[in-house]
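Heads up, the thing below is written out as structure tokens.
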Amino acid sequence: APSPTTAVPYMSVKCIDVRKNHHKTKWLMPWGPNHCEKLKDFDEAVSRQIEANDIVFAVHIPLPSKEMSPWFQFMLFIMQLDIAFKMDNDLKENAEITLDVSLAYRDDMFDDWEEIAHAIEIRKLKCTFGSPKTLESEGRHYDCDYLPFMEIGSVAHKYYLINIRLPVNERKGINVGIGEIKDIRLMGIHQNGGFTKVWFAMKTFLTPSILIIMVWYWRRITLMTRAPVLLEKVIFALGISMTFINIPVEWFSIGFDWTWMLLFGDIRQGIFYAMLLSFWIIFCGEHMMDQNERNHLLGYWKQVGPIAVGSFCLFIFDMCERGVQLKNPFYSIWTTEVGTELAMAFIIVAGICLCLYFLFLCFMVFQVFRNISGKQSSLPAMSKARRLHYEGLIFRFKFLMLITLACAAMTVIFFIVSQVTEGHWKWGDITIQVNSAFFTGIYGMWNLYVFALMFLYAPSHKNYGEDQSNGDLGVNSGEELQLTTTITHVDGPTEVYKLARKEAQE
């Protein structure tokens, strides 16, 4: 697949709008048959006595002779201001710029523009000037950080138009002390159509695969005369959350203007993360082989509780950003000091917690391995058939535990990297290049892992009788016993269960 996203730079065109009632009268086009009257620079505006309030920065998306497509899935825009230094118009410290922004769309080059959103937004300018502020430095540009500008969760139309005004009101102090703005540049980021098609194809293929194994797995459990144990229920719940993230509802975004798809995708992924992290804790706990009372969810409230609280906090944070953007695409939590600090704190705390969680998981897996190694000392006393059977079973179990750790490590890395990738446009410096193999690889890994768990942990209905252990190699029965140590057969505990518990060594 091609890389997940593409960034396209846009330079705004300075249009003259000298009509009294500025807004909602006419959209100003930067080029084309009905283009606006343009200004080369602000010196020309001064010589023609055109005021700042009569200048509109116009950006047409996409570039001439191109079209936008629903396959692009979303549009994210960041803004960069070209501000020149002037002795008599210096940039104040902690200056704020007020933007009067409007967004419109059309699907034909000759249709009228239809408004999507209009807002008055304030952005904080963070700029540095490398040279001394003297007369010789006049005309040199400040080095300014990117500003978050706009995000839309669907690309349902072919053409978009942005009109930006910088209203000046000296009495109220609006757009005063922001330096001499020369140009406004926008960087548009959207998902690649080719990557979207590969992503959709994967989801469409994987959904029935997981559904089929889920039905088969639950049918095997219901055939048992006993009630399902905690581990079986949790594996099934993990399968449900994987199916939820798999279902390719994104196909509808090609035909419908569903701007909430980004938020919906975040919620689906959040539910899956919470389920996966909780599953790993319970999975290791159920194999700890200590004498604690297990096999019920309350026994894990100390470990699962923080995961639920963390997931809820991330959901609230997401609603504060993407939830508000459904009404106002120009809104960003990163525009205020408090918002930026909160957002950064959320991401940093989430990253630290995930790393601590991974270390705790490693510790649990180490304990499970140590306990299993202790039980292996009783293997030589068994008959050859039974020894081979348990050696194979323990080997497969250890292998699955290591796969679990690898899967956990990749998931933690994926979460942190995806947060940084999404955030670097908003806070500037950090850039991580993520290719499509990383996204599709992690997603495929989750599906294979869930598939393998259901396949390996489906209960067997055949009993491994004592008569088979006398000289018989017992290959078939060795394969038929389930992996878990806590599942019991109709006629009492399985051999693995008895082997694993401490009283078995008495």
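The values are calculated or read from the model by the stated rules, or taken from the named source; none is laboratory data. The shown structure was predicted, so the numbers you read here are calculated from the model rather than taken from an experiment. As a convention, Cβ positions derive from the backbone with ideal geometry for all residues, glycine included, and neighbour counts pool all protein chains shown. Note: accessible area is taken over every heavy atom of the protein model, side chains too, but ligands, DNA and RNA are not part of it. Shrake-Rupley method; radii C 1.70, N 1.55, O 1.52, S 1.80 Å.
Filter region 127-145 for residues that are open to solvent by 80 Å² or more (accessible area, probe 1.4 Å) and either hydrophobic (A, V, I, L, M, F, W, C) or over 15 Å from Asp82 (Cα atoms) (or both) and give the result.
Passing the criteria: Pro132, Lys133, Leu135, Glu136.
Does Ile271 satisfy the condition of being open to solvent by 50 Å² or more (accessible area, probe 1.4 Å), under 24 Å from Ala345 (Cα atoms), in contact with a Ser or Thr (Cβ under 6 Å, 6 or more places away or on another chain) and at pLDDT 85 or above?
On the way: open to solvent by 50 Å² or more (accessible area, probe 1.4 Å): yes; under 24 Å from Ala345 (Cα atoms): yes; in contact with a Ser or Thr (Cβ under 6 Å, 6 or more places away or on another chain): yes; at pLDDT 85 or above: yes.
It is true that Ile271 is open to solvent by 50 Å² or more (accessible area, probe 1.4 Å), under 24 Å from Ala345 (Cα atoms), in contact with a Ser or Thr (Cβ under 6 Å, 6 or more places away or on another chain) and at pLDDT 85 or above.
Check whether at least one residue in region 161-169 is outside any strand (DSSP E or B), within 38 Å of the chain's Cα centre (by Cα) and surrounded by fewer than 19 Cβ atoms within 10 Å (Cβ to Cβ), and report yes or no. Don't jump to the end; show me each part of the working.
Going through region 161-169, the residues outside any strand (DSSP E or B) turn out to be 166-168.
Keeping just the survivors that are within 38 Å of the chain's Cα centre (by Cα) gives 166-167.
If we keep only those that are surrounded by fewer than 19 Cβ atoms within 10 Å (Cβ to Cβ) too, we end up with 167.
So far as region 161-169 goes, yes, one or more of its residues are outside any strand (DSSP E or B), within 38 Å of the chain's Cα centre (by Cα) and surrounded by fewer than 19 Cβ atoms within 10 Å (Cβ to Cβ).
Being over 23 Å from Leu76 (Cα atoms), touching a strand residue (DSSP E or B) at 6+ places or on another chain (Cβ under 6 Å) and buried (at least 17 other Cβ atoms within 10 Å of the Cβ) is true for just one of Glu232, Glu180, Glu151. Which residue is that? Show your work before the answer.
Details: Glu232 fails: touching a strand residue (DSSP E or B) at 6+ places or on another chain (Cβ under 6 Å); Glu151 fails: over 23 Å from Leu76 (Cα atoms).
Checking each option against the conditions leaves just Glu180.
Test Ile189 against the stated conditions and say whether it is over 21 Å from the mean Cα position of the chain (by Cα) and either not assigned by the TED database to the domain that holds Phe74 or not in a loop (DSSP other than H, G, I, E, B) (or both). Before the answer, list the steps.
On the way: over 21 Å from the mean Cα position of the chain (by Cα): no; either not assigned by the TED database to the domain that holds Phe74 or not in a loop (DSSP other than H, G, I, E, B) (or both): yes.
Here the answer is no, as Ile189 does not meet what is asked.
Residues that are open to solvent by 50 Å² or more (accessible area, probe 1.4 Å), out of contact with any Asp or Glu (no Cβ under 9 Å at 6 or more places or on another chain) and among the aromatic types (Phe, Trp, Tyr): does region 193-210 have at least one?
Yes, some residue in region 193-210 is open to solvent by 50 Å² or more (accessible area, probe 1.4 Å), out of contact with any Asp or Glu (no Cβ under 9 Å at 6 or more places or on another chain) and among the aromatic types (Phe, Trp, Tyr).
In the same structural domain as Cys353 (by the TED database), within 21 Å of the chain's Cα centre (by Cα), at pLDDT 90 or above and not hydrophobic (A, V, I, L, M, F, W, C): does that describe Ser311?
Details: in the same structural domain as Cys353 (by the TED database): yes; within 21 Å of the chain's Cα centre (by Cα): yes; at pLDDT 90 or above: no; not hydrophobic (A, V, I, L, M, F, W, C): yes.
So Ser311 fails the test.
Can you name the number of the only condition in (1) open to solvent by less than 50 Å² (accessible area, probe 1.4 Å); (2) over 18 Å from Asp266 (Cβ atoms); (3) among the polar types (S, T, N, Q); (4) touching a residue at least 60 places away in the same chain (Cβ under 8 Å) that Asn295 fails?
Asn295 satisfies all of (1) open to solvent by less than 50 Å² (accessible area, probe 1.4 Å); (2) over 18 Å from Asp266 (Cβ atoms); (3) among the polar types (S, T, N, Q); (4) touching a residue at least 60 places away in the same chain (Cβ under 8 Å) except (1).
For region 234-243, check the following and say yes or no: at least one residue is under 22 Å from Ser436 (Cα atoms) and either outside the structural domain of Ala308 (by the TED database) or modelled with pLDDT of 90 or more (or both).
yes
Among Ile122, Ile61, which is closer than 28 Å to Leu262 by Cα, β-branched (Val, Ile, Thr) and open to solvent by 60 Å² or more (accessible area, probe 1.4 Å)? Walk me through how you get there before you give the answer.
Working: Ile61 fails: open to solvent by 60 Å² or more (accessible area, probe 1.4 Å).
Result: Ile122 is the single residue among Ile122, Ile61 that is closer than 28 Å to Leu262 by Cα, β-branched (Val, Ile, Thr) and open to solvent by 60 Å² or more (accessible area, probe 1.4 Å).
So which residues in region 441-474 are buried (at least 18 other Cβ atoms within 10 Å of the Cβ), part of a helix (DSSP H, G or I) and modelled with pLDDT under 85?
Within region 441-474, Tyr457, Gln468, Ser469 meet the criteria.
Does region 340-361 hold any residues that are farther than 20 Å from Phe272 by Cβ and buried (at least 16 other Cβ atoms within 10 Å of the Cβ), and which are they?
Matches in region 340-361: Thr340, Ala343.
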